[in-house]
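Colleague: First, the structure itself, so that you have it in front of you.
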Amino acid sequence: MQLEHPKEQRSSLGISKALEQEARLFEERNKRDSFTDATFKKVPSQGASLWTWTRFVVSLYYNKLTVNMFGFITGWHWYNRIDDTIILGALPTPSQMKRLHQKERVQVVVNLCQEFPGYEKIYKELKIEQIRLETPDFCVPTLDAIERGIKKILEVKEKGNVSIYLHCKAGKGRSAAIALCYLLTIYELDLIQAQKELLKKRPQIDKDLYANEEIRLFYKNLLAKLESKQWVRRSFTA
């Protein structure tokens, strides 16, 4: 059994309290609604080790501090709209999720976190569909997960006037990989161009996503579809 360092243990407890406080504030601000959230009492996902969860909440809190305290310098935000369909961001709080639903027309959430199950009760109340593509932290989704994610995005895009929120923990790696492959699928961009355009929209994404083997394989398969006229893309407008 792996023991926590005392400092990490205190940090984890502090972050858990902060998450619980966020849920309480959310409930207080919405007393007229039926939204209540006991999700924070149920996390992490089943099967996640204590060390995995501790590392997750510590790095999540670090990301929150980075965005809130230094965002005006770095240009980092908790989430960014990429186009009229997808929004790419970090793990949202309950209050952020309600705001995304009301103001950004979010009807579907694609959750890449293996270690976080999502806000099941809130999503049920808001009638939001959650798609889980469980991917370990600091890893890129498998080709199968990428293809399933893109398939869902395309289905939603067909409906029009609906947005999808893509998230992992920080919105930099796992979910950004799906966003990158989405740009490749919809727009006339190559790997490097798609990486550059995504960086313009969300500066904190991993800078070398385009070089990942799974993403390159996805792009190779996409090129084959384009050559055989099975798929048509359109020009990208920033």
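The values are calculated or read from the model by the stated rules, or taken from the named source; none is laboratory data. Computed from a predicted model, the values in this text were never measured in an experiment. Glycine also receives a Cβ, built like all others from the backbone with ideal geometry; neighbour counts cover every protein chain displayed.
Colleague: How many of the residues making up the range 76-115 are among the hydrophobic types (A, V, I, L, M, F, W, C) and over 24 Å from ILE146 (Cα atoms)?
Modeller: 1
Colleague: Now for a different question. Going through the range 142-167 one residue at a time, which ones are within 12 Å of the chain's Cα centre (by Cα) and under 15 Å from ASN212 (Cβ atoms)?
Modeller: Selection gives GLY149 alone.
Colleague: Determine which single condition TYR219 fails, assuming it passes every other condition in (1) touching a residue at least 12 places away in the same chain (Cβ under 8 Å); (2) part of a helix (DSSP H, G or I); (3) surrounded by fewer than 20 Cβ atoms within 10 Å (Cβ to Cβ); (4) under 16 Å from the mean Cα position of the chain (by Cα).
Modeller: Single failed check for TYR219: (4).
Colleague: Within the range 136-154, track down each residue that is more than 18 Å from GLY171 (Cα to Cα), touching a residue at least 12 places away in the same chain (Cβ under 8 Å) and among the charged types (D, E, K, R).
Modeller: GLU147, ARG148, LYS152
Colleague: Quick check on the range 212-233: of everything there that is at pLDDT 95 or above and charged (D, E, K, R), which residue is nearest to SER175 (Cα to Cα)?
Modeller: Across the range 212-233, the extreme among qualifying residues is GLU214.
Colleague: Return the pair list, or none, for Cβ contacts closer than 6 Å from residues in the range 76-93 that are farther than 14 Å from LYS157 by Cα and at pLDDT below 95 to residues that are in a loop (DSSP other than H, G, I, E, B) and of a type in the set (S, T, N, Q), at least 6 apart or on different chains.
Modeller: What qualifies is TRP76/GLN204.
Colleague: Also, quick follow-up: Between a residue in the range 122-135 that is on the phi > 0 side of the Ramachandran plot and any residue that is at pLDDT 95 or above, which pairs come within a Cβ distance under 9 Å, given they are 6 or more apart or on different chains?
Modeller: Pairs found: LYS127/HIS101; LYS127/GLN107.
Colleague: Let me ask something else. Given the criteria closer than 23 Å to LEU100 by Cβ, at pLDDT 95 or above and in a helix (DSSP H, G or I), does LYS196 qualify?
Modeller: no
Colleague: Looking only at residues that are touching a helix residue (DSSP H, G or I) at 6+ places or on another chain (Cβ under 6 Å) and over 18 Å from GLU104 (Cα atoms) in the range 143-175, which one is surrounded by the most Cβ atoms within 10 Å (Cβ to Cβ)?
Modeller: The residue in question is CYS168.
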